[in-house]
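The values are calculated or read from the model by the stated rules, or taken from the named source; none is laboratory data. These numbers were taken from a predicted model, which means no experiment stands behind them. Neighbour counts run over all protein chains shown; Cβ positions are idealised from the backbone, glycine included. Each accessible area value is taken on the protein alone, full model and side chains, heavy atoms only, with ligands, DNA and RNA left out. Shrake-Rupley method; radii C 1.70, N 1.55, O 1.52, S 1.80 Å.
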Amino acid sequence: LDSLMREVGELITNRSSFEQRMEDFTRCVEEMQRSVTRMKNVTHELDSKYGVGTLGGRRALRSDGASLLPKVHWAGSSNDEFDALELDRYSEFHLLSRSLAESTMDLGTVGNELQNLIGDFDQLLNRQGRLSRDTQDRLMRIRMVPLASLAAKLQRTVRTVARQQEKEVELLIQGSDTELDKQVLEELADPLMHILRNAVDHGLESADVRRAANKPERAT
C-alpha cells in the first residue's frame, strides 16, 4: 500500500508537470495564431496596394513611385499583347504574393488543428485527473483503520497501571469507529497510552480516598 501510494503521488505530480507544459504549449499556439493573423493582414495589404492592375504591362509602383516589379521582356511580342490578367499571372511579385497567401492559409489550418488537439488534451487531462483522484481516494480508504483496533492495547495499559497503583479503573472509549490512516494511528498509539498511564497514576484517587469523597470506588 505504501508503494502504491508513492506511485500514485508520483502520478499526480507528473500530471501537474504535464499540465504546466500544456499551458506553455497553448501559449505558443496562441502566439502562432497571432502571427498568422499578422501575416494575413500583410498579404492582404500587399495584394491591395501593390498588385498589378493596369493594362499595357505597366509595373506596380510603391508609394514613392519606384517599381516593385522587375521589367518583363517577352520574346517575339510587345507588352501590349498581354492583358492585366496575363501580366499578373506571370509577374514574380504576384507569384511570391500568392505563395505567401497560401503559406498563411496553411499555417492557419495547422493552428486550427493544434487548437483542436489542445481541446482533446484537456479532455484527456481531466479524465486522468479524475482517475488519479479516485485511485488515491480508494487507496486512502484501504489504509483507513478504526480507532477500535487500538482498544485492546489501551485497555491492557489501563489495567496494568491500575493494578500497580491498586486502583479500580474502567476505560470507556467513545467514537471507536472513527477511522484514521494506519500509519497515523500507529503514531498515536504511544502518546495515547502515555496519557492514559498519567491519568490513572496522577489523575485518579485510590479507592479509600474516593469512598471518603463519596465517589464511586471504580473510576471511569
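Among residues other than residue 144 with Cβ under 15 Å from its Cβ, the summed charge is -3 (Lys and Arg +1, Asp and Glu -1). The local environment of residue 166, defined by Cβ-Cβ distances under 14 Å, has a net charge of +1 under the rule Lys, Arg +1 and Asp, Glu -1.
Summing +1 for each Lys or Arg and -1 for each Asp or Glu, what net charge is found among the other residues whose Cβ lies under 15 Å from the Cβ of residue 213? Working shown, then result.
Numbers: positive: 167, 210, 211, 215, 218; negative: 168, 205, 208, 217.
Value of the local net charge: +1.
Full extension of the chain between residue 209 and residue 99 yields a length gain of 29.1 nm, computed as 0.36 nm times the residue separation minus the alpha carbon distance.
Taking 1.567 mPa s as the viscosity and 4 °C as the temperature, the Stokes-Einstein diffusion coefficient of the stretch 97-220 based on its alpha-carbon Kirkwood radius rounds to 64 µm²/s.
Against the criterion of solvent-accessible heavy-atom surface with a 1.4 angstrom probe, 37, 43 sort, most first, into 37, 43.
Building the convex hull from the alpha-carbon atoms of the stretch 167-220 and averaging its projection over directions returns 4.2 nm².
Projected label points at residue 177 and residue 217, each 7 Å from Cα along the beta carbon direction, are separated by 3.6 nanometres.
Placing pseudo-labels 7 Å out from each Cα toward the beta carbon at residue 25 and residue 194 gives an inter-label distance of 5.1 nm. Measuring from centroid to centroid over Cα atoms, what is the spacing of the stretch 116-148 and the stretch 168-192 in Å? If you average the Cα positions of each part, the centres end up 30 Å apart.
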